[in-house]
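What follows draws every value from the coordinates through simple rules; no lab data is involved. Please read all numbers here as calculations on a predicted model, not as lab measurements. Methodologically, a virtual Cβ is constructed for each residue, glycine included, from the backbone with ideal geometry; neighbour enumeration extends over all protein chains shown.
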Amino acid sequence: MIEFRAITKSFGGVRVLRDVSFAAAAGRTLGLVGENGAGKSTLMNILGGNLRPDAGEMRIHGRPYAPRHPRDATRQGIAFVHQELNLFPNLSIAENLLLVDLPRWPWTPLIRRGALARRTRELLAQVGLARSPATPVERLSAGERQLVEIAKALGREAWLLILDEPTSSLGMREAERLFAVLDRLRAAGMATIYISHALGDVLRLCDDVVVLRDGEVAGAGPRGEFSQERMIALMVGRSLSHVFPVRARRAREAPSSAGPATPAPASPPALEARRVSVPGVVRDISFSLAHGEVVGVAGVMGAGRSELARILFGLVPCDRGEILLDGRPVHRHAPRRRIRQGLAFLTENRREEGLCMEAAIADNIALVSLRRHARGPLRLLDAETLRGAVGAVREAVRLSPAAHDLQPVKTLSGGNQQKVVLAKWLLAEPGVLILDEPTRGIDVGAKSEIYQLIHGLAAQGAGVLFISSELEELLGLCDRILVMRRGEIGAAFRREEFDRERILAAALGEMRSAGV
Amino acid sequence: MAAVADSHRRARTPLLRVLRSEYFVLLLSAAYCAACAPFTPDFATGGNIANVLATLLPLFVAALGQTVVLITGGIDLSAMSIVALASIAGAAVMSGEQGLLAGSPSAVPAALLAMALVGAAAGALNGVAIACLRLPPFIVTLTSMMFFSGLAIALTQSRNIGALPAAFNALGGSTWLTLAIAIVAGAGVHVMLARSLWGRWLYAVGHNPRVARVSGVPVPGVVIGAYVASGVLAAAASVLYTGQAESGSPVLAQRLLLDIICATVIGGASLFGGRGGVLGTLFGALFLKLIDNSLNLMGRSHFSIMMVKGAVILGAAVLDMARSRLEEK
Amino acid sequence: MQRIRFATASCLLAGALWCGCNKTEPGGAPDGAGGAAAERRLTIGVSFEILQTEFWVAALEAFRAELGRRNMLIIEAIADGDANRQIEQVRNFITRKVDGIVMVPKDAKACLPIIKAANAANIPIVLFNRPPDKSDARSVAVVADNFALTRDTVTYMIGEAKKTGTTHKAMLLIGDLGDINAIGRRDGFDAAVNENPGVLDVVARVPTEWNQEKAQAGVVNALQANPDISFIFTSSDFLLPSIVSALTGAGKYKKAGEPGHVILGGFDGDATAYRMLAEGYLDATGVQDVYFEVAACVRAIVDARAGTPAPETIKDPGFVIHRANREKMAPRMWGANVTQ
């Protein structure tokens, strides 16, 4: 059992943690929730030996524990499963699991391959992963990699497991599988600290809940005392009865009254796909998206949602079928031309495709729209108008005012980074916005602000295609939901038909919806 | 995360701001001068400063091209062979002995044009191979270095071309004219990097080509542009080097490649792309030339100069690493 | 951590500075910035284009010895094969107000701006071993008399050939004809042959462009076409290994006095030539008298400073070394000294 006793930590006068006390016991799962910046990461860094508290102490099984280095934590049996996984994609599962103490023939540097495979199989069995130990990690899905990380912790005989946003990159089915493994480990006596923004998961999984706000414990107790609403209220310090803003009715009702699942034919749809196919990826995708409409795309991991977005945007060439923007066919291949036609694409892969992490905030925001501010034969930039435009859009997305325009994006929190990506696309004034998991891994406050922005855009006449693994937000935000399964659109639901069970069933393929 | 942003703001004290900027290298140069002057005969004389300037400027112009390419995350190993190729092309046009336009008043402008065209064509070749065939810049420019060098030597049968017009020689020989050319080149590149659409795209491609592509940047065009610019700037450097030596040579400046890359990297350009600027490169070239010059004045042998230069560059790299860590703290 | 890193970097920098600043002059006494001796010692800047063959190393050693003997200071600079770097280094000499400059130019054309700069600064400049192109720049060039020395060497070899009483089929290895030295040597060979008619029948003239592979291929071909070649002259000793390998392949590599010995001669006087001479395979080589050339360079500077300028070209007559005078001349042969 681990106890935190009155942990306090400041960074140069700013108090990040104040008098934080709670305990996590063996055989129980503790959910740690709070907005980004509430102090969760700092607390875990203290637990892991990366930081030292200014005051307070930690005790393990009653004995004082003051780690000075991450390996102290490892030696004490504490294992972290991070948001960005620490696996070597080019090495096999077995090598990843036992990298630090590979079994060797005595007195030689040679690895005992048989023993390695046997030990790996034991560990994989414990997490229920049926994969050959020799499989390279790069061939595993995100969920499987997570299980490998947990197996790694088990291999080190950890008794305390810390999971930081484990489901942020998982589909529904993979998340369920992870929860099953965690339940089993709990039954075997593992203590778990589970950090997540997915409050539903926390309620589903945890025995105890600790809510952090501004570095203090805002609420703690057994799960029974909490509901999602209460957790949100504690996290933000005020009651957020409406995470999802109420939308203007007009945009939503017009299409539903005009006919089933198709918007008013008066003006061409903002985006239309006609029998779009890419072999092995998506098949026969047809839908249309009206101006002012928010259409959600649900589905499990691997159903082809992100792939569809990439095809529409032109990052993956479209083999067959037609894509129309405002009734005109899109340019093939180059995303560049489609952007000029008014298409915008917020990628799920912020780090690798969304932002230049080392570059300044302002440069990132301006990137898509630079062309409009270029003047003269040398295409010199008009610094004045550019700065003005960036400033305006910063306001619009409510980027943290503390962030300086010239600060590198990597210094921002996840939520603010996502706002920068949004700002970048808003500045281009797109007619159609494709959002792929725009709220992944960001806190409730920022999520809510992003929802409002999406509504604002729709109200101004943009069409929004919204891909998400969180059914809650699809239900709360969209006018229609398309459900993808195995590369096809398996079902579609209008707002008045929204039903959690049926959508889930359509996504998982257990039941065919009549609403196609 | 909020804490990181806070500490970042606090780090903007004047000292740190200097440490983080390209002026750091200038400070380093000044410190080096101060440390060396007492031991180095005739270091701080007007004549010597003119010397440093005369040798610094061609290096600076050549390093400008390398800066542009490094910003995209590439590298141009063929820069010096483009210098040589342009050198013999220009000399072949205007040489008083065997030039195509020997003695004609239009010889010098025609030669300059020919040099620029050779530079641009060679750069375009590199750029197209890298951007369109998706080959790694290192391999492309390594092979094109061999090709251009071989071509230059084959075309001239390894012989120099002399008897260049005096007006041309002055471009490299007169420090004032050289200075003027370097200022024009430096200012031009600076404006393009800092103020133009292309410059911004260049940095974006260097930071992350995938992000740039997704954001609608014409990545291949930007990359080809960078290599063409590198080729043209190599040709400009070739004008200075050729004028200085008063003869076109197929092996001109053959061994300066590492000096150029060093100057650029000391000046703050990153081999991983996304960083670099004209001012930094200027200071980097200055630093390198000061080391060369001072050790030369001290009468050190070529080999000890190389050793000391290596150590100093390593030291500068370590300092650079330290200050970027400091920046992140 | 930060402090450690800064300390490391500072140490590196300081160390580098120390290396640069603290070493004593290779010429002898330290050169202290203001160390004004009662009687000022002359300082000579010596700039070599490159330092990669034995010849240049031997020459630089000779300069150090000669200037030391005359109680002068030497500043060395090696341009590493780069004409522009050489310009820069000689300019540095001028900045340091050296009393004279000796230069091995990278090439005959790119050295002209350097000579002009030295002229402008009124510093005497001497070109060692390579003459500049024609121009109005004033300099002294000390060069081997390629023509005369080759003629003498070949004449000696012809004398050896006459002793056998038969005519010999001869092969000549020609250098790069863009090089004035190579032309001089070819002409010297031809002159010697013409002066002694009836002894040699020149059946092969192999162009080498100063390239060992080309030389070897050329010699092998010539030996195939004329297996009875028994007289070979190479325009440079550095091609000797190619000839040896071709002769060995044809079974004709024999010592003097053995039946089937090929009369072999060369030019330069390098270490290989000395060894082959000592072993009896080589009959003669024309030696560039490095020590004479070095002394002439320094003398030319001293004379120029005294107001009696030397002629534009000083010719090194060199000497022919052969088996008979080997013992006596070896000390003056640079190739004999680099091996020891």
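So here's what we get for this one:
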read-out: Cα-based equivalent ellipsoid, region B:208-251: semi-axes from gyration tensor eigenvalues, Å; value: 36, 7, 7
read-out: Relative contact order (percent, whole number), region A:45-120, Cα cutoff 8 Å, 6+ residue spacing; value: 19 percent
read-out: Förster radius 30 Å - calculated FRET efficiency between residue C:97 and residue B:166, Cβ distance, rounded to 0.05; value: 0.65
read-out: In sequence order, calculated HN-Hα J values of region B:204-210 (Karplus, 6.51, -1.76, 1.60; Hz; x Gly/Pro); value: 4, 4, x, 5, 6, x, 5
read-out: Nitroxide proxy distance, nm - points 7 Å out along Cα→Cβ at residue A:486 and residue B:307; value: 7.2 nm
read-out: For region B:135-253, the spread of Cα positions along each principal axis, largest first, Å; value: 53, 34, 15
read-out: Ellipticity estimate at 222 nm from DSSP helix runs (n ≥ 4, -39,500 (n - 2.57)) divided over chain A, nearest 500; value: -9500 deg cm²/dmol
read-out: Equivalent-ellipsoid semi-axes of the protein assembly as shown, from the Cα gyration tensor, Å, largest first; value: 75, 33, 32
read-out: For region A:136-224, alpha-carbon Rg over 2.2 N^0.38 Å; value: 1.14
read-out: Order by protection proxy (mean Cβ within 10 Å, highest first), peptides A:384-390, B:159-165; value: B:159-165, A:384-390
read-out: Listed residues C:124, B:61, C:183: farthest to the positive end of the dipole of the protein assembly as shown (Cβ charges); value: B:61
read-out: Amide hydrogen neighbours beyond the local backbone of residue A:55, cut-off 5 Å, H modeled; value: A:8
read-out: 5 Å-binned pair-distance histogram of region B:223-319 (Cα, whole percent); value: 3, 11, 17, 23, 19, 16, 8, 2, 0
read-out: Percent of Cα-Cα distances greater than 23 Å, calculated over region A:418-516; value: 30 percent
read-out: Mean Kyte hydropathy of 0.0 or more with a Cα span along the axis of at least 27 Å, helices from DSSP in chain C; value: C:2-22
read-out: From the C-alpha gyration tensor of region A:25-71, square roots of 5λ in Å; value: 18, 17, 10
read-out: Solution diffusion estimate, µm²/s, Stokes-Einstein, region C:115-174, Kirkwood Rh from C-alpha pairs, 37 °C, viscosity 0.692 mPa s; value: 219 µm²/s
read-out: Degrees separating the helix B:175-195 axis from the principal Cα axis of chain B, which is the longest one; value: 50 degrees
read-out: Pairwise centroid distance, computed over Cα atoms, of region C:177-199 with region A:1-69, Å; value: 93 Å
read-out: Dipole-positive endmost among C:68, C:174, B:141 within the protein assembly as shown (Cβ charges, Cα centre); value: B:141
read-out: Per residue, the convex hull volume that the Cα atoms of region B:14-130 enclose (Å³); value: 175 Å³
read-out: Region A:49-205: mean projected area of Cα convex hull, nm²; value: 10.9 nm²
read-out: Sorted largest first, extent of chain C alpha carbons per principal axis (Å); value: 77, 60, 36
read-out: Partner chain coverage, peptide A:422-429 - average Cβ within 10 angstrom; value: 1
read-out: Zone of residue C:248's modelled label, taken as backbone nitrogen in region C:270-285 under 20 Å from a point 7 Å along Cα→Cβ; value: C:270-284
read-out: Distant-in-sequence amide H partners of residue A:297 (H built 1.01 Å from N, under 5 Å); value: A:466, A:467, A:468, A:482
read-out: Full-stretch length increase - residue B:271, residue B:255 - with 0.36 nm per residue and alpha-carbon distance subtracted; value: 3.8 nm
read-out: Pair residue A:176, residue A:50: separation of 7 Å Cα→Cβ label points (nm); value: 3.4 nm
read-out: Dmax and Rg, reported as Rg then Dmax, of region B:257-300 (C-alpha, Å); value: 11.7, 39
read-out: Cα centroid separation, region A:120-150 to region A:461-478 (Å); value: 32 Å
read-out: Average Cα contact separation per residue, chain C, under 8 Å, 6 or more apart, as relative contact order %; value: 16 percent
read-out: Peptide A:335-342, shielding by other chains (average Cβ, 10 Å cutoff); value: 3
read-out: Size of electric dipole in the protein assembly as shown: Cβ of Lys, Arg +1 and of Asp, Glu -1, about Cα centre, debye, nearest 20; value: 2480 debye
read-out: Acute angle (nearest 10 degrees) that the helix B:23-36 long axis makes with the longest principal axis of chain B, alpha-carbon atoms; value: 70 degrees
read-out: Whole-Hz couplings from phi, Karplus 6.51/-1.76/1.60, listed for region B:297-314; x for Gly and Pro; value: 5, 6, x, 5, 6, 4, 6, 6, 4, 4, 4, 5, 4, x, 5, 5, 5, 4
read-out: Rounded to the nearest 20 debye, dipole of chain B from Cβ charges on Lys, Arg, Asp, Glu; value: 1040 debye
read-out: Alpha-carbon centroid distance for the pair region C:112-149 / region C:234-260, whole angstrom; value: 37 Å
read-out: Averaged over C:75-83, number of beta-carbon atoms from partner chains that fall within 10 Å; value: 6
read-out: For region A:307-431, the fraction of alpha-carbon pairs in successive 10 Å shells from zero, as %; value: 13, 40, 32, 14, 1
read-out: Cα-based convex hull, region C:83-189, per residue volume (Å³, whole number); value: 105 Å³
read-out: Sorted peptide list for C:173-186, C:228-241, B:224-237, criterion being average Cβ within 10 angstrom, highest first; value: B:224-237, C:228-241, C:173-186
read-out: Alpha-carbon Rg with Dmax, taken over region C:70-145, Å; value: 11.6, 34
read-out: Angstrom value of the Kirkwood radius, inverse mean 1/r, which spans all Cα pairs in region C:161-201; value: 11.3 Å
read-out: Sequence-distant aspartates and glutamates (8 or more away, or on other chains) whose Cα lies within less than 14 Å of residue A:40; value: A:19, A:164, A:165, A:214, A:216, A:443
read-out: Value in Å of the Kirkwood radius, where region C:162-288 supplies the Cα pairs that are averaged; value: 14.5 Å
read-out: Whole-number percent relative contact order across chain B, with pairs defined as alpha carbons under 8 Å at least 6 apart; value: 32 percent
read-out: Residues with amide H under 5 Å from that of residue C:102, placed H, sequence gap 5 or more; value: C:45, C:46, C:47, C:126
read-out: For chain B, the fraction of alpha-carbon pairs in successive 20 Å shells from zero, as %; value: 31, 56, 12, 0
read-out: With Cα atoms, 0 to 90° folded angle of helix B:219-245 axis to chain B main axis; value: 60 degrees
read-out: Selected from C:168, C:322, C:261 as most flexible by GNM, with chain C as the system and alpha-carbon contacts under 10 Å; value: C:261
